[in-house]
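Q: Pasting a structure here, questions to come.
Taken together, the values in this text are just the output of simple stated rules run on the coordinates, not laboratory data. Predicted, not measured: the structure shown is a model, and the values here were computed from it. Backbone-built Cβ (ideal geometry, glycine too); neighbour counts: all protein chains shown.
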Amino acid sequence: MIAFHSNSRQHAALAPEFERALRGFDLADDDAAARAMAAFETSLASYAGVGHAVGVASGTDAVTIALNCFSLPPGGEVITCDFGFYATAAAIVRAGFQPVFVDTAPDSYLMDPARVAEAITPQTVAIVAVHLFGEALPLTPLADLAREHGIALIEDCAQALGARDGDRPVGTVGAASAVSFNWTKHLGSQSNAGAVLTNDAQLAEMALALRSYGSTGGFRHDWLGLNSRINPFEALILDVKLPHLDGWIDRRAALAARYDRNFDGSPVGVPFSHAPGRHAHHKYTIRVADRDGLHAHLLERGVTTMACYPYLLHEHGAFDHHPHRAEPAPNAAALTGSVLALPVFPELTDDEIDGISELILGYVKEHS
């Protein structure tokens with residue numbers, strides 16, 4: 001059986017490091033938790049190339065808190081892509097804003113800056129730019145739009161920590177950014193965790209308050225915050241893992257390149273070519289005509305895949321009950337019926353990638 005994602009091989013190799021880190025946590029020391037959290041936040045900020053990292057309970061909370069760090073008019077419009085994972089849009093609503101959904105660029109999994117420009121209205125207060133599947137969304141045109149219209153630019157780096165747009169790391173262009181450490185991420189905790197990244201000290205202070213019920217201390221609460229601190233044991237695990245991340249991303253890139261070579265000349269649509277930079281390859285997402293049939297075929301043969309993602313965000317029933325606006329999204333709609341994400345976690349072997357590729361090519365040939 002080849003799982004879509006598994007940490008078992010990775011964690012087995014890191015078990016001695018985990019044991020040392022966890023044994024070093026003094027349960028009799030009231031300050032041990034704060035030190036563990038702060039140590040990881042310092043490591044993360046250094047790795048990400050920002051001045052401040054604020055650990056929170058999840059990536060969804062990170063987007064919510066990042067949006068609420070700004071003094072934005074309640075109920076304002078926040079533009080994001082209609083193709084992606086539900087949590088981004090849910091966080092916009094949880095933060096008190098109205099999502100506006102726009103299309104992907106042609107031949108891309110990423111939001112089209114031209115569609116963003118068309119969607120801006122006097123009610124627009126922010127853009128949430130999602131670096132999907134580990135690919136860096138080129139942010140220069142979005143940063144220009146944000147400055148021109150006086151709106152906030154926030155990066156959703158949940159799937160892309162370690163990726164770069166040219167030589168710029170993701171998370172360093174927007175005024176604030178959000179990261180997820182869900183256990184399925186390429187830097188994953190045991191369950192859930194996240195962080196807000198920023199170079200702005202005042203935004204970092206606000207994020208610290210918002211993760212603690214909107215309080216700066218003394219039982220006074222000036223903002224409506226969350227109870228969303230990162231778990232100190234997750235912080236310890238993540239601090240062990242972080243120095244290995246670049247190596248894991250390099251291995252993911254090698255596996256993705258192997259898939260690309262295996263599918264060359266076939267009807268399988270490999271991930272779109274990207275701008276210069278670095279792809280984190282959180283997911284390796286192909287496009288095929290009979291996506292659901294191929295998914296079932298692989299599952300029967302012990303390979304788990306996932307349709308990421310089979311619905312446009314505005315199609316989720318949750319948004320029937322909240323104000324939102326969906327611009328036409330023909331490019332994204334075409335993706336929802338054909339995308340299939342394949343296993344690409346770094347502990348997979350070359351032989352396993354080749355075996356998955358052979359199963360896919362055999363099915364596509366038989367059903368073309």
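Q: How much net charge surrounds Tyr86 when only other residues with a Cβ under 14 Å from its Cβ are counted (Lys, Arg +1; Asp, Glu -1)?
A: Surrounding charge for Tyr86 is -3.
Q: May I ask you to derive the relative contact order of segment 8-243, considering only C-alpha pairs under 8 Å and at least 6 residues apart, and to give it as an integer percent?
A: Relative contact order, segment 8-243: 25 percent.
Q: Starting with the fewest neighbours, write out His314, His367 ranked by other beta-carbon atoms found within 10 Å of each beta-carbon.
A: Ascending Cβ contact count within 10 Å gives the list His367, His314.
Q: Label Leu22 and Gln123 with points 7 Å out from Cα along Cα→Cβ: what is the distance between them in nm?
A: Distance between label points: 5.0 nm.
Q: Cα convex hull of segment 8-243: mean projected area in nm², to one decimal?
A: 13.2
Q: Considering only the other residues whose Cβ falls under 15 Å of the Cβ of Pro99, what net charge follows from Lys and Arg at +1 and Asp and Glu at -1?
A: With Lys, Arg at +1 and Asp, Glu at -1, the neighbours total -4.
Q: In whole Å, what are the extents of segment 198-260 along the principal axes defined by its C-alpha atoms, from largest to smallest?
A: For segment 198-260, the Cα spread along each principal axis is 55, 24, 19 Å.
Q: So, counting K/R as plus one and D/E as minus one, what does the shell of residues with Cβ under 12 Å around Leu348 add up to?
A: -1
Q: I've got another one for you. Using Cα-only point scatterers and the Debye equation, what is log10 of I(q)/I(0) for segment 244-367 at each q in 0.14, 0.19, 0.20 Å⁻¹, rounded to two decimals?
A: With no solvent term, the Cα-only Debye profile gives -0.68, -1.08, -1.15.
Q: Looking only at Phe97, Phe233, Phe40, which one moves most when the chain is put into a Gaussian network model with springs between Cα atoms under 10 Å?
A: Phe233
Q: Could I ask something else about it? Could you pull out the chymotrypsin sites (Phe, Trp or Tyr not before Pro) across segment 105-191 that fall in loop regions by DSSP (anything but H, G, I, E, B) with no more than 16 other Cβ atoms inside 10 Å?
A: Passing sites in segment 105-191 are Trp183.
Q: For Ser266 and Glu300, FRET efficiency with R0 = 22 Å and r from the beta-carbon atoms, rounded to 0.05?
A: With R0 = 22 Å, the Cβ-Cβ based efficiency is 0.60.
Q: Can you compute the label reach from Gln10? Point 7 Å from Cα along the Cβ direction, backbone N cut-off under 12 Å, restricted to segment 320-350.
A: 344-348
Q: If each of Asp30 and Met1 carries a label point 7 Å out from its Cα toward its Cβ, how far apart are those two points in nm?
A: 4.6
Q: Moving to a separate point now. Which aspartates and glutamates have a Cα less than 20 Å from the Cα of Lys241, not counting those fewer than 8 places away in the same chain?
A: Output for Lys241: Glu17, Glu19, Glu41, Asp250, Glu347.
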